[in-house]
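K.L.:
To start, I am sharing the structure in question, which I have written as structure tokens.
The values are calculated or read from the model by the stated rules, or taken from the named source; none is laboratory data. What you are looking at is a predicted structure, and each value in this text was computed from that prediction instead of being measured. Positions of Cβ are generated from backbone atoms using ideal geometry, with glycine treated the same way; all protein chains shown enter the neighbour counts. The accessibility values were calculated without ligands, DNA or RNA, using every heavy atom of the protein model including side chains. Shrake-Rupley method; radii C 1.70, N 1.55, O 1.52, S 1.80 Å.
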Amino acid sequence: SGLQQRGHRSVRKQWYHRRVRKQWYQRRVRDSLPLIMMTRSLLLLLGICLLSDAYLYSFTAKVANRGRAGTTGDVYMTVIGTKGNLSVGKVSKKELKRGKTGRFSVYGKKNIGEIRCVRLSTTSKNSLLLDVVTVRPEYGVESYYYNTKGVILNGDPRRHSGVASLQMCKQGEEHYYITTRTSTESRSQTNKIHLRMRLTGALGTTTTGIINNEGRNDFKRGEDEIFVVPGMKMVGKIRCIELFAEGSDKWKFDYIEVHCDNYRAAYTFHNNRNIWISNDSREGEDVYKLC
């Protein structure tokens, strides 16, 4: 009937209008595509121009692998250079987990020159124990900043051991190679001694972070272990070494050899007194000096 015909025509008309609108929209998109691509290119170019005067700094932060060394609190970092400071801001909590090495980067608006120190601060009651922080400027060399005294970062030092602000400074650019020989005596081995070492020479002193080969069990009974420690001060002829044990496990060594790139001849220090090293006074010495 006529009513049905008008209904069919109305449906066809609606379908036609939808097709026309769709085609129109496709043409608009097609015609606008060069403009869209050009706009994106201009925005990308603008971003490159804006960043052309920025300086990229890459960081690592190695957290100690014991106790409650990691933190869930807010930690802020500032980098101190010879030409100014760089505020890194808040360091992501996921980069500060116990026994892990966090990695992150920031852009600075200016070149702050040679990086002398890094400063960390917090208001959190959660404790953080860092071993070492490294900084690599864009097109520069990596520098090392050790927590040489094992200081804990904590925002409430009156109630908890530690400090609310910790500054770690560069010691030098020398690589030291430390060889330890663990005794063959029963129970001499350990992987939890958390050992630091201070080297004293004719030109001064320098102190390592925790001596550790990451991913390995160190200080095995009767075996030699070699540790490479970069970012140290060149102290000349080594006269003495001083051991600091921060772990409650005990360790006994036969000898320790130390040399660096500038002095290939190794300086050897023997454990002639058969001393055990431990943070627990019932098991050994937490500080021991050999000359």
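K.L.:
Does Val133 satisfy being of a type in the set (Val, Ile, Thr) and within 16 Å of Tyr76 (Cα to Cα)?
P.N.:
So Val133 fits the description; yes.
K.L.:
Is it the case, given these coordinates, that Ile238 is open to solvent by less than 60 Å² (accessible area, probe 1.4 Å), touching a Leu at 6+ places or on another chain (Cβ under 8 Å) and not aromatic (Phe, Trp, Tyr)?
P.N.:
yes
K.L.:
Can I ask one more? Taking only region 246-291 into account, find how many residues are touching a residue at least 40 places away in the same chain (Cβ under 8 Å) and hydroxyl-bearing (Ser, Thr, Tyr).
P.N.:
4
To keep it simple, each residue is scored yes or no on (1) closer than 23 Å to Leu195 by Cα; (2) open to solvent by 40 Å² or more (accessible area, probe 1.4 Å); (3) not aromatic (Phe, Trp, Tyr).
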position	(1), (2), (3)
Asp74	no, yes, yes
Leu96	yes, no, yes
Asp131	yes, no, yes
Val135	no, no, yes
Glu142	no, yes, yes
Leu153	yes, no, yes
Gly162	yes, no, yes
Leu166	yes, no, yes
Glu174	yes, no, yes
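K.L.:
In addition: I'd like to check something: does region 102-114 contain any residue that is charged (D, E, K, R) and either surrounded by 15 or more Cβ atoms within 10 Å (Cβ to Cβ) or under 26 Å from Pro157 (Cα atoms) (or both)?
P.N.:
No, there is no match, as no residue in region 102-114 is charged (D, E, K, R) and either surrounded by 15 or more Cβ atoms within 10 Å (Cβ to Cβ) or under 26 Å from Pro157 (Cα atoms) (or both).
K.L.:
Let me ask you something else. Restricting the search to region 245-275, which residues are in a strand (DSSP E or B) and open to solvent by less than 50 Å² (accessible area, probe 1.4 Å)?
P.N.:
Ala245, Trp251, Lys252, Phe253, Tyr255, Ile256, Val258, His259, Cys260, Tyr267, Phe269
K.L.:
A follow-up question, please. What is the residue count in region 176-195 for residues that are in a loop (DSSP other than H, G, I, E, B) and open to solvent by 20 Å² or more (accessible area, probe 1.4 Å)?
P.N.:
Residues in region 176-195 being in a loop (DSSP other than H, G, I, E, B) and open to solvent by 20 Å² or more (accessible area, probe 1.4 Å): 8 in total.
K.L.:
Collect the residues in region 276-291 that are among the hydroxyl-bearing types (Ser, Thr, Tyr) and open to solvent by 30 Å² or more (accessible area, probe 1.4 Å), keeping them in residue-number order.
P.N.:
Within region 276-291, just Ser281 meets the criteria.
K.L.:
If you check Cys240 against the conditions, is it at pLDDT 95 or above and either in contact with a Pro (Cβ under 7 Å, 6 or more places away or on another chain) or over 21 Å from Val151 (Cβ atoms) (or both)?
P.N.:
Yes; evaluated as a whole, the condition is true for this residue.
K.L.:
From the set of residues in region 76-94 that are over 14 Å from Phe59 (Cα atoms) and small (Gly, Ala, Ser), which is surrounded by the fewest Cβ atoms within 10 Å (Cβ to Cβ)?
P.N.:
Gly84
K.L.:
Quick check: anything in region 65-86 over 13 Å from Val133 (Cα atoms), modelled with pLDDT of 90 or more, among the small types (Gly, Ala, Ser) and in contact with a strand residue (DSSP E or B) (Cβ under 7 Å, 6 or more places away or on another chain)?
P.N.:
yes
K.L.:
Next question, about the same structure. When the residues of region 214-233 are narrowed to those that are open to solvent by less than 60 Å² (accessible area, probe 1.4 Å) and farther than 15 Å from Arg187 by Cβ, which ends up modelled with the lowest pLDDT?
P.N.:
That would be Asp218.
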